[in-house]
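Take a look at the structure set out below.
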Amino acid sequence: MKTNTGEHDVFESEFYYFLCDTVPEDRQLREHLNHMRLDVILENQERDRSRTNFNKMCLFCSAEFNGSYDQVKEFFNHMSEKHHFNVGHPDNMVFIDDFIESIRGRLDGLQCLSCTKCFKDRTTLKDHMRKKSHRALNKEDRSFDKFYLGKTKTSRYSLFIRQNHINQQK
């Protein structure tokens, strides 16, 4: 779109480009970028599932988890069963190490994961989370979406289609 095209316009003309799916080049670029993003997500998920070097301590106690992807599942099961803190099933997560460290960072910053309120010490934070039943992530906090399949800008269906396409190429 070209602006200031009238004979009485005093400002210099400028060009603006609108992105839209009806423009073939734009649609192809968007699809290509989406496929690249899907590839990165699927590669990372596969790397997480085939790992043998998981080594994390529970976010709430001193329990340690070392080993394969089974220990990743055990880590999240432990937090759910022992601490009633449920963030979902690990099979629906990607970038698991970053996810855990993101949660750990907030807890180390003495921030409630549910209401995002900050506290003066860890004991007060733990008491608050227990008394208020703040045992999940804040559903309004979009910063965690990138760690879940189906909550990214890429739909679960697109991931399924892409995974099937990759499997057929093998």
Can you name the residue in the range 14-65 that is of a type in the set (A, V, I, L, M, F, W, C) and open to solvent by 100 Å² or more (accessible area, probe 1.4 Å) and, of all such residues, is farthest from ILE103 (Cα to Cα)?
PHE15
Do any residues in the range 71-87 that are free of Cβ contacts under 8 Å to residues at least 24 places away in the same chain and of a type outside the set (Phe, Trp, Tyr) have Cβ atoms under 9 Å from those of residues that are part of a helix (DSSP H, G or I) and surrounded by fewer than 17 Cβ atoms within 10 Å (Cβ to Cβ), where the two are at least six apart or on different chains, and which pairs are they?
LYS73/ASP91
Residue list for the range 83-132, filter: in a helix (DSSP H, G or I), buried (at least 17 other Cβ atoms within 10 Å of the Cβ) and in contact with a strand residue (DSSP E or B) (Cβ under 9 Å, 6 or more places away or on another chain)
ILE96, PHE99, ILE100, LEU125
The lone condition ALA63 fails out of (1) at pLDDT 95 or above; (2) out of contact with any helix residue (DSSP H, G or I) (no Cβ under 9 Å at 6 or more places or on another chain) is (2)
Among the residues of the range 131-141, which ones are touching a helix residue (DSSP H, G or I) at 6+ places or on another chain (Cβ under 9 Å) and not polar (S, T, N, Q)?
HIS134, ARG135, LEU137
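The values are calculated or read from the model by the stated rules, or taken from the named source; none is laboratory data. Given the structure is predicted, the values throughout are model-derived calculations rather than measurements. Glycine gets a Cβ as well: all are built from the backbone with ideal geometry, and neighbour counts include every protein chain shown. Just the protein is used for accessible areas: all its heavy atoms, side chains included, with ligands, DNA and RNA removed. Shrake-Rupley method; radii C 1.70, N 1.55, O 1.52, S 1.80 Å.
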